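> Dumping the structure here so I can ask a few things about it.
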Amino acid sequence: MSRCEACDAAIVWAKNDVTGRVAPVNRAVDPFGNVVLLAAQGQYHVLSAAALSYLRCEALFTEEPNELASLLIHTRHTLHFATCPKADHFRRCKKCRQSPCTCPTTKREP
């Protein structure tokens, strides 16, 4: 298990199953999250708006959601970029391409 350098939150580094890009995913389950963590493969999948709508309908209008919907309802997470209070610290500057920015004219909060 890893921890965020900025806020010390528990995170898991995983690869997007479509793009192949690695990103931090919050380890804690978030019932409103849009990411499904496939921990065994070290990957995550971002749910589409249509999939999220389907899950909401399954949760609200059926007494017993089907097995896949039930699994997805209870195993959703959020990308840590969306919840980290210091996420700006890790974004690369468009001018100098550094993280954090080292441009003399750009002032960023640490």
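The values are calculated or read from the model by the stated rules, or taken from the named source; none is laboratory data. Treat the numbers as computed from the prediction; the structure is a model and nothing was measured. Neighbour counts are summed over all protein chains in view; Cβ atoms, including those assigned to glycine, are modelled from backbone coordinates with ideal geometry.
> Can you work out which of the residues in the stretch 36-51 that are in a loop (DSSP other than H, G, I, E, B) and at negative phi is surrounded by the fewest Cβ atoms within 10 Å (Cβ to Cβ)?
Ser48
> Among the residues of the stretch 1-35, write down those that are part of a loop (DSSP other than H, G, I, E, B), on the phi < 0 side of the Ramachandran plot and without any contact (Cβ under 8 Å) to a residue 24 or more places away in the chain.
Passing the criteria: Glu5, Thr19, Arg21.
> Next question. What are the residues in the stretch 18-29 that are exposed (fewer than 15 other Cβ atoms within 10 Å of the Cβ) and either in contact with a helix residue (DSSP H, G or I) (Cβ under 8 Å, 6 or more places away or on another chain) or within 12 Å of Leu79 (Cα to Cα) (or both), if any?
Val22, Ala28, Val29
Condition check ((1) of a type outside the set (Asp, Glu); (2) modelled with pLDDT under 75; (3) touching a Pro at 6+ places or on another chain (Cβ under 7 Å)) across all residues:
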residue	(1), (2), (3)
Cys7	yes, no, yes
Pro31	yes, no, no
Gln41	yes, no, no
Leu55	yes, yes, no
Leu71	yes, yes, no
Thr78	yes, no, no
Cys84	yes, no, no
Asp88	no, yes, no
Pro104	yes, yes, no
